[in-house]
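Got a structure here, written out as structure tokens. Questions coming.
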Amino acid sequence: MKLPVEGWPEAAGQGRVGVVRRVVLLALRDLRLEVRDRAGLLSILAFFAVMLFIMALALGPEEAPLRRAAPGVLWVALAFGSTLLSTRAFALEVEEGTLDDLLLAPGGKEWIYFGKLLFQMLLLLPLAVLALLMAAGLFYLPLERLFPLFLTLVLGVLGYASVATFYAGLLARLRGREVLLPLLLFSLVVPVVLASVRATTGLAEGLPVAEISDWWQLLLVFDMVYLTASALLFPVVMEG
Amino acid sequence: MLKVAQPDRPDALTWVFLGLGLLLLPVGLYLALSAPPDVNQGYLVRIMYLHVPGAWLGYLAFFVTFLYSLLYLFRQDPRYDRVASSSAEIGLVFMGLALVTGMLWARPTWGVYWTWEPRLTTTAILFAVYVGYFLLRGAIEDPELRRKAAAAVGILGFINVPISYMSVKWWRSLHQTQSIDLTTGKIHMDPAMLQALLFNLLVFTLLYLGFVRFRSLLAALEARKEEA
């Protein structure tokens, strides 16, 4: 059966290309809405700035303790910041009543999860880079090894966003989700935060890449497990 | 949904598990207290007879939660959810026991109650995940969404169990490695100690089975009352 939905790949005979296109379309649409709105983006940026600033003030003006605290502060800021962001991924859909329309689209439902995840990643990564730069400025975090640092950011943020997107979808219709989400997320993503902090610390202290790659491997394993489990569970949980 | 007659009282099997477990508990304690002291740790080793079964049963309980959460998601029968939450509850108790006995052992051995080494950290995370599980259950009013969300935590949270179990091998931590290694099947333990440990493990398993069956029944009664 063919359902003519304008601009959407048709359900009949949908191949891998169709699904990928759906994912990208959804992510780009959300990204456009978010960039046009600006309020959300700006509030998260301001949150990063204020949080890093307060932490820098609290941990004292000496360079050594600041330098030591930098990776931890960076990842805690990212964790809190992305919780703020993940509720936004589904908040608009629920407000406008379009979540049901998405769920009614023929075919599997995994693409909604991947679309939202891609949207999160596209927003979070630039924000994370900005946070990294702020941490470098305020906490003397050395940036010489920019590429390994970026890799750590990508792996850590992906691990975080994969669970955050899943839970944001699950709790989208719930009233107290802003309170509940961090509670659920933080306990689940502690391994990710731990591995990211260790990897960043190692990079800041100038350890050889061979020693840090253990943490990267761990991060990669977590990312894969969380991503697969979330993608498999998402359709089951969103039905009905 | 399949409508099954729900009993008002625990069935015979539940009573057998509970009765045998409670009856054998003093025997297990006697065996633990009469087991020979360790070469290195002396009498302190006897905490192990509570610590190891507690930790194992905690892992087992969370595994059962994982299994029944999966079953719930695919069959949508509230009974599975009740077993999952009951098992998580009992698991928290056993895990708590393992944590407390571990701390009591650590103080004279390592000099501190708590240290942030991998096994302890991963176990604390595990504990936090299942505390979160119950906070979540308490926070959602819609029963169906509550069951679904809880099932998701039950499944995703279980990922930490193998990590916690393997942490002593992967990171070569301060905590001792397994005396009975499930991955290789090797046993590094004196037969007299092993006997006492296995006996306590049996007692704890019986208690666990009894508790879960009992708690699931309670949950069923609660659910029935909520509906009425």
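Computed from the coordinates by the stated procedures, all read-outs in this text should not be read as laboratory data. None of these values were measured; they are calculated from a predicted model. For neighbour counting, all protein chains shown are included, and Cβ atoms are generated from backbone atoms with ideal geometry for every residue, glycine included.
Nearest 0.05, what FRET efficiency do A:Ser43 and B:Thr115 give at R0 = 41 Å with Cβ-Cβ as r?
Computed FRET efficiency for A:Ser43 and B:Thr115 comes out at 0.60.
Does anything in the range A:123-154 have its amide N under 20 Å from the 7 Å Cα→Cβ label point of A:Phe53, and if so which residues?
A:127-141
Would you calculate the separation in nanometres between label points at B:Met166 and B:Tyr30, each defined as 7 Å from the Cα along the Cα-to-beta-carbon direction?
Label-label distance for B:Met166 and B:Tyr30, simple model: 4.2 nm.
Quick one: what are the phi-derived ³J(HN,Hα) couplings along the range B:40-50, Karplus 6.51/-1.76/1.60 with θ = phi - 60°, whole Hz, x for glycine and proline?
3J(HN,Hα) across the range B:40-50, in whole Hz: 8, 9, x, 6, 4, 4, 5, 4, 3, 5, 9.
To the nearest whole number, what is the average tally of beta carbon atoms from other chains within 10 Å of the beta carbons of peptide B:151-157?
Counting Cβ atoms of other protein chains within 10 Å of each residue's Cβ and averaging gives 6.
Can you give the FRET efficiency for B:Asp11 and B:Ala223, using 1/(1 + (r/R0)^6), R0 = 22 Å, r = Cβ-Cβ distance, to the nearest 0.05?
0.80
Read phi for every residue in the range B:190-206 and hand back ³J(HN,Hα) as whole Hz from Karplus 6.51 cos²θ - 1.76 cosθ + 1.60, θ = phi - 60°, with x for Gly and Pro.
5, x, 5, 5, 4, 4, 4, 5, 5, 5, 5, 4, 4, 4, 5, 5, 4
Another one. Rounded to the nearest 0.05, what FRET efficiency is calculated for A:Glu239 and B:Asp77 with R0 set to 22 Å and r the Cβ-Cβ distance? List each step's numbers first, then the result.
Details: r = 15 Å, r/R0 = 0.69.
With a Förster radius of 22 Å, E is 0.90.
Moving to a separate point now. Any idea what angle helix B:12-34 forms with the longest principal axis of chain B, computed on alpha-carbon atoms, 0 to 90 degrees, nearest 10?
Relative to chain B, helix B:12-34 is tipped by roughly 10 degrees.
Return a whole-number percent for the relative contact order of chain B, with Cα pairs under 8 Å and 6 or more residues apart as the contact set. Walk me through the numbers before you get to the answer.
Working: 257 pairs, mean separation 77.9, N = 228.
Computed value for chain B: 34 percent relative contact order.
Within 10 Å of each residue's Cβ, count the other Cβ atoms and sort B:Thr14, B:Thr184 from fewest upward.
In order of increasing Cβ crowding within 10 Å: B:Thr184, B:Thr14.
Here's a follow-up. Take each of the peptides B:103-114, B:192-203, A:107-118, average the number of other beta-carbon atoms within 10 Å over its residues, and list them starting from the highest.
Per-residue Cβ counts within 10 Å, averaged per peptide and sorted highest first, yield A:107-118, B:192-203, B:103-114.
Once you keep just the Cα pairs under 8 angstrom separated by 6 or more residues, what percentage relative contact order results for the range A:25-151? Please list the in-between numbers first.
Values: 81 pairs, mean separation 52.8, N = 127.
Relative contact order here is 42 percent.
Test of understanding: given chain B, find the longest segment containing no trypsin sites (Lys or Arg not before Pro) that are in a DSSP loop and have at most 14 other Cβ atoms within 10 Å. Intermediate results must be reported in sequence, preceding the final value.
On the way: sites that count: B:Lys3, B:Arg172, B:Lys186.
The longest such stretch corresponds to B:4-171.
What nm distance separates the two modelled labels at A:Glu110 and A:Leu130, each placed 7 Å from Cα along Cα→Cβ?
About 3.3 nm separates the two model spin labels.
Oh, and also: Taking chain B as a Gaussian network, Cα atoms linked when under 10 Å apart, which of B:Ser86, B:Ser69, B:Ser179 shows the biggest mean-square fluctuation?
B:Ser179
Place the peptides A:222-228, B:128-134 in order of packing, highest mean first, counting for every residue the other Cβ atoms within 10 Å and averaging per peptide.
Result, highest mean Cβ count within 10 Å first: B:128-134, A:222-228.
Here's something else I'd like to know. State to the nearest 20 debye the size of the charge dipole of the range B:1-117 about its Cα centre, where the only charges are +1 on K and R beta carbons and -1 on D and E beta carbons.
120 debye
Going Cα to Cα from B:Lys169, which aspartates and glutamates come in below 16 Å? Please leave out same-chain ones fewer than 8 positions away.
A:Asp214, B:Glu117, B:Asp181
How far is helix A:63-96 tilted off the main Cα axis of chain A, in degrees rounded to 10, range 0 to 90?
10 degrees
Let me ask something else. With everything on Cα atoms, drop me the angle between helix B:78-110 and the longest principal axis of chain B, reported from 0 to 90° to the nearest 10.
Here the helix axis deviates by roughly 20 degrees.
Which of the peptides A:131-140, A:195-204, A:33-42, A:155-164 is most tightly packed, and how do the rest follow, going by the mean number of other Cβ atoms within 10 Å of each residue?
Packing order, densest peptide first, comes out as A:155-164, A:195-204, A:131-140, A:33-42.
Short version: what are the Cα gyration tensor semi-axes of chain B, square root of 5 times each eigenvalue, largest first, in whole Å? Walk me through the numbers on the way to the answer.
Working: eigenvalues 227, 93, 38 Å².
Three semi-axes, in Å: 34, 22, 14.
For A:Glu96, B:Glu89, what ranking results if the residue with the fewest other Cβ atoms within 10 Å of its Cβ goes first?
Values: A:Glu96 9, B:Glu89 19.
Ascending number of Cβ neighbours within 10 Å: A:Glu96, B:Glu89.
Give the separation of the Cα centroids, the range A:36-94 to the range A:160-239, in Å.
17 Å
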